[in-house]
Amino acid sequence: MLELKGLTRRFGATTAVDGVELVVPDGQMVGIIGRSGAGKSTLLRMINRLETPSSGRILSGGRDVTALSGRGLREWRRDCAMVFQQFNLVQRLDVLTNVLIGRLAWQRGWRRLMVLLAARFTAEERAMALAALDRFGLAETALQRAETLSGGQQQRVAICRALLQKPRFLLADEPIASLDPRNAQLVMDALRDVNRRDGLTVLVNLHHLDTAREYCDRIVAMQAGRVVFDDAPGALTPER
Ligand code: ADP
Ligand code: ADP
């Protein structure tokens, strides 16, 4: 269970996230919706501590992770894999290596580390990465440079990379905002699969209510840093 208590982040005079209270049971798929600037991205980034909260607390299974540092923080970041709007693949490296980076992504300065350690991945790790790619129909792309893939393919590679981290949470920050509808659907299918089959808790920021309604167990709507709606998708439309 993940608990956010009074979670707040200020940037100067702007309060990006304003006293958010949220309890997310394990295995839930939560869609976070809201206009641009509502605080969705800052909220997710605070959970894995890419952003430091100004006040409030983050608890995982009752354990306070708000003030972790050093090794504890690295372990927490490994638990909280992130997927970004712009995929964040290393474009000039092959797809398989990009996926293997997931083994190291929770360490500091992983880009440099990864180059040093690329040759040191075991056959077992390579097999795991290939299996993850195969699951999303990307095995044939394993040896291509990331830059040769479409956006939808790249995002699924990013999901594979996240899985190699063996996380408990997958935090997806606008993962489909730069994709066409068909690719958006494939990426959302992949996120749902990770939620249902791997049992990961998924928090996904989305622009469109319809997508959240179709894929998520729960919809959290944000406005000006606050949660203004939090319920099952069914609660949005009156039963006929
Ligand atoms: P969303 O993801 O819903 O679009 P964000 O979390 O990106 O919202 O932004 C929330 C608010 O915080 C916005 O007003 C944004 O301009 C501000 N903000 C976000 N990150 C920073 C930053 N690093 N420095 C200053 N202001 C920021
Ligand atoms: P560089 O090696 O160029 O300094 P970083 O390693 O700092 O780059 O970050 C590269 C990208 O990965 C950034 O977009 C950042 O947001 C993201 N990133 C960095 N650390 C983490 C982390 N612990 N979890 C998820 N994403 C991260």
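Mind checking which residues of region 13-65 are surrounded by fewer than 17 Cβ atoms within 10 Å (Cβ to Cβ), of a type in the set (A, V, I, L, M) and within 16 Å of ligand 2 (Cβ to nearest atom)?
Once the filter is applied, which keeps residues that are surrounded by fewer than 17 Cβ atoms within 10 Å (Cβ to Cβ), of a type in the set (A, V, I, L, M) and within 16 Å of ligand 2 (Cβ to nearest atom), region 13-65 yields only L50.
Could you tell me whether R218 is surrounded by fewer than 22 Cβ atoms within 10 Å (Cβ to Cβ) and touching a Cys at 6+ places or on another chain (Cβ under 8 Å)?
no
Quick check on this structure: which one of R182, R192, R156 is within 16 Å of M82 (Cβ to Cβ) and either within 16 Å of the chain's Cα centre (by Cα) or not in a strand (DSSP E or B) (or both)?
That would be R156, the only listed residue that is within 16 Å of M82 (Cβ to Cβ) and either within 16 Å of the chain's Cα centre (by Cα) or not in a strand (DSSP E or B) (or both).
Would you be able to tell me the number of residues in region 159-179 that are assigned to a helix (DSSP H, G or I) and not β-branched (V, I, T)?
Going through region 159-179 one residue at a time, the tally reaches 5.
Here are some conditions: (1) within 11 Å of ligand 1 (Cβ to nearest atom); (2) under 20 Å from R192 (Cα atoms). V17 meets all but one. Which one does it not meet?
V17 satisfies every listed condition except (2).
Here, each number is a calculation from the coordinates, and none is a lab measurement. Nothing here was measured: the structure is a model prediction, and the numbers come from that model. Here Cβ is always computed from backbone atoms with ideal geometry, including for glycine, and neighbour counts include all displayed protein chains.
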